[in-house]
Amino acid sequence: MRGAGSRDERHTSAAGGQLNAKQLSSHISNAGSADALLALSAAHSTSLNHIHAANLWNKLGKQRIERRHEERLERLVLLADCSRVISDSLARDPSRWGVVDRRQLHQWQLWLSLERGADGQQYLLSESQRKLCCDAMQGTEVTISRLQRSVAAALATLQHGFEEEYLEPRTGYSLDLALPSSRVGVEVDGPSHFLLPDGRGVRKPNGPTLLKRRLLAAAGWRVISVPFYEWDGFATANERHTYLQGLLG
């Protein structure tokens, strides 16, 4: 809400003065809204290093961005500043960027290319730098759980052609199960994909899970979620088959 965002922004401003690198990192990590993150970028734009810039965009990608935020992004020229700082840093010493950092940069580049359209193209890193980040994303190790094996086995009895741990080439994400010809993906979401249940017992997807779904959808995929708490609630194979048929439509 606008009121909540304004309070968050005033709280950030109230921290006062120029923060050192460690303090600025802490403020970015603790910022709870797009308003607070934008306020930090405006107040400390001259102090942002490549780590701050990456963390800012990683967190912004998980926030609810409204039209008023987009206007502020353009007014603050945050896109251009982040792109310049990061590109210069990668050119000087790519080794300063760890694997996790490069994965986050890749997600930022996907946001620019898939969701910002023509406006985002001017802020993309060089082709070689984008490949460096994409390689880190594609090199992510995956672990196949018993839950995923169970869903895969049930799905195989309903429809042939699904590939397990399919590496989606454009985004670099690994889909648990995918039908590339139809661009349909099935994500088997275990407990680590969700926040803790709220007061009503409802589990909501966490930030990384929402971002993955959003970017895959922007790349033209239909992503179907199979939450662990729903799958584990079925007692028979027939119930699970009926459930999957309903999801596949």
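The values are calculated or read from the model by the stated rules, or taken from the named source; none is laboratory data. For clarity, every value in this text was computed on a predicted model and none was experimentally measured. Every residue, glycine among them, receives a Cβ derived from its backbone with ideal geometry; neighbour counts consider all protein chains shown. Heads up: the accessible areas ignore ligands, DNA and RNA and are worked out on the full protein's heavy atoms, side chains in. Shrake-Rupley method; radii C 1.70, N 1.55, O 1.52, S 1.80 Å.
Points worth noting:
- Any hit, the range 201-218, residues being charged (D, E, K, R), more than 24 Å from Ile65 (Cα to Cα), assigned by the TED database to the domain that holds Ala178 and surrounded by 15 or more Cβ atoms within 10 Å (Cβ to Cβ): no
- Qualifying residue in the range 209-228 (condition: small (Gly, Ala, Ser) and at positive phi): yes
- Taking the range 25-34 as the range and being open to solvent by 10 Å² or more (accessible area, probe 1.4 Å) and assigned to a helix (DSSP H, G or I) as the test, the residues that pass are Ser25, Ser26, His27, Ser29, Asn30.
- Scanning the range 219-232 for residues that are part of a loop (DSSP other than H, G, I, E, B) and either surrounded by fewer than 15 Cβ atoms within 10 Å (Cβ to Cβ) or of a type in the set (Val, Ile, Thr) (or both) yields Gly220, Asp232.
- Consider the range 70-106 and keep the residues that are open to solvent by 40 Å² or more (accessible area, probe 1.4 Å) and β-branched (Val, Ile, Thr). The one that is modelled with the lowest pLDDT is Val77.
- Qualifying residues in the range 233-249 (those that are open to solvent by 80 Å² or more (accessible area, probe 1.4 Å) and at pLDDT below 95) - the one nearest to the chain's Cα centre (by Cα): Gly249
- Residue in the range 160-176 that is among the small types (Gly, Ala, Ser) and open to solvent by 40 Å² or more (accessible area, probe 1.4 Å) present: yes
- Which numbered condition Leu196 misses (of (1) surrounded by fewer than 11 Cβ atoms within 10 Å (Cβ to Cβ); (2) more than 24 Å from Gln63 (Cα to Cα)): (2)
- Inter-residue pairs, beta-carbon under 8 Å, first over 14 Å from Ala80 (Cα atoms) and in the range 41-60, second modelled with pLDDT under 80 and part of a helix (DSSP H, G or I), 6+ apart: Ala43/Thr12; Ala43/Ser13
- Gln18 falls short on exactly one of the conditions (1) assigned to a helix (DSSP H, G or I); (2) at pLDDT 70 or above, and that condition is (1).
The rows are residues; the columns are (1) open to solvent by less than 80 Å² (accessible area, probe 1.4 Å); (2) over 24 Å from Val186 (Cβ atoms); (3) modelled with pLDDT of 95 or more.
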| site | (1), (2), (3) |
| --- | --- |
| Trp108 | yes, yes, no |
| Ser113 | yes, yes, no |
| Asp119 | no, yes, no |
| Tyr123 | yes, yes, no |
| Gly139 | yes, no, no |
| Thr143 | no, no, no |
| Ser150 | yes, no, yes |
| Ala154 | yes, no, yes |
